[in-house]
Amino acid sequence: MKKVYVIFPTVLMLIFFGYWWNFSSEYEAKEAAKKEIVRQDKIAKLEQEALNRKKAIEDALANQDIRRQERDTKEAKRQADREQRQADIEARRQADREKQKFARQVSRLESDVYAEKQLLTKVDEKKRVLIDEEAFLREYVDKARSNENSVTKVIQRLVAADAARAAAVAAAVAAQKKS
């Protein structure tokens, strides 16, 4: 049993030593790889900063050109605006002259329209009177025809009554002769 006290710790020690040796060799390699990654990151950052500086300089030069072009564009726009404003003022003056001319023309046409409306009103009134007179005459003619028909019927009844009375008198005379 005393062997177990020696063998078991020795085996465990050998296992531990193997594990430690394996860890130790990999650890140094991992640490070296980490340091290499950090060093490459620093180099990449420095290169990126150099690229960024170069790009910033290029951007600044491009922005300077853009600002110069914008300044030229603004100056050209201001000049065009001044010319446009002057043209607008002239157009407004021309429009005012035309407005006054058209206002006079409208006034003259309104007076003509008023006179024509007065004339149209008179014609409409005369037309209405003639239409009323025509309606009255049509109604009068219809009543006259109706009266004529009534009178004709009355005359026919009178003639028929006279003929009947004459026939009755003739029949009475003939009856008296027979009697």
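The values are calculated or read from the model by the stated rules, or taken from the named source; none is laboratory data. Everything quoted here is computed from the prediction, not taken from an experiment. Neighbour counts run over all protein chains shown; Cβ positions are idealised from the backbone, glycine included.
Summary table
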quantity: Residue within region 139-161 that is of a type in the set (A, V, I, L, M) and within 58 Å of the chain's Cα centre (by Cα) present; calculated: no
quantity: Among the candidates 26, 36, residue that is of a type in the set (D, E, K, R), assigned to a helix (DSSP H, G or I) and modelled with pLDDT under 85; calculated: 26
quantity: Any hit, region 70-77, residues being out of contact with any Phe, Trp or Tyr (no Cβ under 7 Å at 6 or more places or on another chain), of a type outside the set (Asp, Glu), part of a helix (DSSP H, G or I) and surrounded by fewer than 10 Cβ atoms within 10 Å (Cβ to Cβ); calculated: no
